[in-house]
Amino acid sequence: MRKLTALVATVVAAVIVFPGATIAGGDLAKQDPIEVRLDLGKGGVDQHLYYPDKLAFETGKLYKLVIHNPSHSKHYFTSLGLASKVYTRKVQVMDDLGKGAKTIGEIKGAIREVEVYPGGTTEWFFVPVATGTVEMSCGIKDKNGKTHAENGMHGSITIM
């Protein structure tokens, strides 16, 4: 009986002292990804904007960031801060957008910048591992000499 009491006391103490460790989500590789879509511009509109321009993620969860370019210009998705705060599982280059899309390329390792051509789609699978707020921007130069970011294509990413 004393051994059982000691075991229960140890488990209770572990839950109190290390609550995050005792309720961890298990095998991160087996999570279904949470899909978040980011459009680089809008179809038929000649404005350089991210839609939405604010993204939010939670540490420890697997995400699939679908970066789609419906505009007529190529765009960058650049966020050095995001790259330093996530573990990248892979990045996929898709032949289309939606359920029927097929993967035509896959990139693994550290990702700092993704360039998406008009009509193109890229899917970035990652798990945030550090909190903070970082910037995202498009550094492509426009015909007016300014970058797309200087023309409004920038935003923020918050990791909680």
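A few remarks follow.
- Scoring VAL45 on the criteria (1) buried (at least 17 other Cβ atoms within 10 Å of the Cβ); (2) hydrophobic (A, V, I, L, M, F, W, C); (3) modelled with pLDDT under 95 leaves a single failure, condition (1).
- Scanning the stretch 39-58 for residues that are under 26 Å from THR131 (Cβ atoms) and without any contact (Cβ under 8 Å) to a residue 60 or more places away in the chain turns up ASP39, TYR51.
- Exclusive hit being modelled with pLDDT under 95, closer than 17 Å to SER137 by Cα and among the basic types (Lys, Arg), set LYS74, LYS90: LYS74
- Residues being of a type in the set (Lys, Arg) and closer than 17 Å to ILE159 by Cα - total across the stretch 72-88: 1
- Counting only strands (runs of 3 or more DSSP E) that sit wholly inside the stretch 59-160, those with at least 1 residues that are acidic (Asp, Glu) and buried (at least 19 other Cβ atoms within 10 Å of the Cβ) are 121-128.
- Tally, over the stretch 140-160, of residues that are under 19 Å from LYS42 (Cβ atoms) and among the small types (Gly, Ala, Ser): 3
- Test: LEU28 is at pLDDT below 95, closer than 24 Å to GLY132 by Cβ and surrounded by fewer than 16 Cβ atoms within 10 Å (Cβ to Cβ): yes
The values are calculated or read from the model by the stated rules, or taken from the named source; none is laboratory data. Fair warning: this is a prediction, and the values are worked out from it, not measured in the lab. So basically every Cβ, Gly included, is an ideal-geometry build from the backbone, and we count neighbours across all protein chains shown.
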